[in-house]
1. Which residue is nearest to ASP58 (Cα to Cα), if the candidates are limited to segment 19-32 and must be of a type in the set (Lys, Arg) and at pLDDT 85 or above?
2. Need a quick list: helices (runs of 4 or more DSSP H) entirely within segment 163-269 having at least 3 residues that are modelled with pLDDT of 90 or more and closer than 21 Å to GLU288 by Cα.
3. Any chance segment 316-331 includes a residue that's of a type in the set (Phe, Trp, Tyr), surrounded by fewer than 16 Cβ atoms within 10 Å (Cβ to Cβ) and not in a helix (DSSP H, G or I)?
4. Out of (1) modelled with pLDDT of 80 or more; (2) closer than 30 Å to SER120 by Cβ, what's the single condition that is false for GLY16?
5. Mind listing just one residue for me: the one in segment 281-308 that is in contact with a Gly (Cβ under 7 Å, 6 or more places away or on another chain) and over 13 Å from ILE270 (Cβ atoms) and, of those, surrounded by the fewest Cβ atoms within 10 Å (Cβ to Cβ)?
6. Mind checking which residues of segment 37-77 are aliphatic (A, V, I, L, M) and modelled with pLDDT of 75 or more?
7. Report the residue count in segment 20-59 for those that are part of a helix (DSSP H, G or I), out of contact with any Ser or Thr (no Cβ under 7 Å at 6 or more places or on another chain) and β-branched (Val, Ile, Thr).
8. What pairs can you find where one residue is in segment 344-363 and assigned by TED's automatic domain parsing to the domain that holds GLU392 and assigned to a helix (DSSP H, G or I), the other is among the small types (Gly, Ala, Ser) and surrounded by fewer than 20 Cβ atoms within 10 Å (Cβ to Cβ), and their Cβ atoms are less than 9 Å apart, with a gap of 6+ or different chains?
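The values are calculated or read from the model by the stated rules, or taken from the named source; none is laboratory data. From a predicted model like this one, the values you see are computed outputs, not experimental measurements. Cβ atoms come from the backbone with ideal geometry, glycine included; neighbour counts cover every protein chain shown.
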Amino acid sequence: MLLFDEVKKSYYETLGVARTAGNDEIKRAYFGMVRKYQPDRSPNEFKEIRAAYETLSDKQKRSEYDAIGKLPPSVAPLFHEAQRLDHFGRNNKAAELYQTILKRHPDLDSVREQYARSLSEDDKPGKAAEVWEELCRRQPGNPLYAQELCQNYADRGWHKKALAEIQRALSLDRSSIDSWVLQISCMVMGMKHNAAIWDDLEKTSLEALEAVKNIKTDEWKKIRIYTHLFMAYGIKKVESARDSLRKMIDLVRENGRDGREEGQDALREIMITIPGTGLASLYPELSELVDLVSDTSDTFFRKRLDRIKLNFEIEGLEKKGFHEIFHDLFTIANSDFEEDYNEIEVLSIEFILLKDKKKFYPQIRRLKEEFPEIYALHSSFLDELLRGRDSEKMMRQRLKQIDRLKRQNGFYNDDLEDEDEEFAQETVRREQPKVGRNDPCPCGSGKKYKRCCGR
């Protein structure tokens, strides 16, 4: 028995749902159909069911499919050709065809919508904005057009206009996850103009989560809201940030491929924006999220995670009896920042370790034995220190390097200047040339120095 008649059914008829069906209803219908028509026993029927589901479960594909179904017979061939041109990246030619259709049928807003998208793909945001603005005037109650216009403004850096437009979309539909995500994204893009916006970002993110808490359709999009809430908490509210991260992990687990892809984007943004030192205490949760969204070939996440793991272990050094100076040294050594200020800090720490090397010897040896990965972050200097090289010479070298960097960049460190002065007092310079033990004694006695004044 075949599922399909010779006359091709619409995708809605294929899945047995109404044209107004939501994503949850479409998903349930799809899984019900594939249980009945499995690919090994009914391959043709399964292909058609799968095509219907992939089209209707994607908002943009569904919109395009619906638009084609409503077009007059005289317009449909031109529209299909324009879509084909869009598919092959010939957006300029596609836009010309959409424009031709609109001259004949100016009432077809579905074509006007595709025209705006082609203009955007053809890198003509100004013209695309004019079309979206016209659509918003023609259908002021359509929040989707307000979203598109907002995105156009945001892409062009017009954050205030974008925020105004997305707030209008939210006034039409406060339960739209897409609109909330867009508003938060616009706020983030405008942050360079206003540092205090972090507090507003936290407030808006919490407001968004409250507004969409009962929305189950496309729930994976909430990951983006939790990502920005996490960013708002940053490293100042660690436990609140941890809670947001746990929510993201739960959403990734519950939303299959969509959750995994959104989780990847969220994780990438977190790891790029916040330094590894700030994420150290959240290593267990970040490790779990990395395992969920990436495979072993994803070197970016793994390398970043390894760095965060080391910072997590570095933070625990003091609890294991190590002096705080090692925490400071390895935190800088494991950071992303290669700045002169950090180099001065490292040189200063090296100076202190050299000055009191007998005090630090036992802990350095213990570090090498028990925490080789941490030790390796600065092993070149530490190995040299353990070999017992000329400490005074090494100290003078570091003072010279520090002085050069300070003069070059205008950095000054009062604590270090105190160390300079103390070191200068402790260092005794000979007024006469050095005399070897077997050289003649300078007193003129004729004896060797070791037998005379050198006793």
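1. Checking each candidate, the answer is LYS27.
2. Numbers: elements: 177-189, 197-211, 222-233, 238-254.
Correct list: 222-233, 238-254.
3. From segment 316-331, those of a type in the set (Phe, Trp, Tyr) are 322, 326, 330; that's our starting set.
Those left that are additionally surrounded by fewer than 16 Cβ atoms within 10 Å (Cβ to Cβ): none.
Taking every residue of segment 316-331 in turn, none turns out to be of a type in the set (Phe, Trp, Tyr), surrounded by fewer than 16 Cβ atoms within 10 Å (Cβ to Cβ) and not in a helix (DSSP H, G or I).
4. Evaluating GLY16 over (1) modelled with pLDDT of 80 or more; (2) closer than 30 Å to SER120 by Cβ leaves (2) as the failure.
5. Among them, the one singled out is LEU292.
6. ILE49, ALA51, ALA52, LEU56, VAL75, ALA76 - these are the residues of segment 37-77 that are aliphatic (A, V, I, L, M) and modelled with pLDDT of 75 or more.
7. Count: 2.
8. Close Cβ pairs (under 9 Å, with a partner that is among the small types (Gly, Ala, Ser) and surrounded by fewer than 20 Cβ atoms within 10 Å (Cβ to Cβ)) amount to VAL346/ALA333; LEU354/SER391; LYS355/SER391; LYS357/GLY388; LYS357/SER391; GLN363/GLY321.
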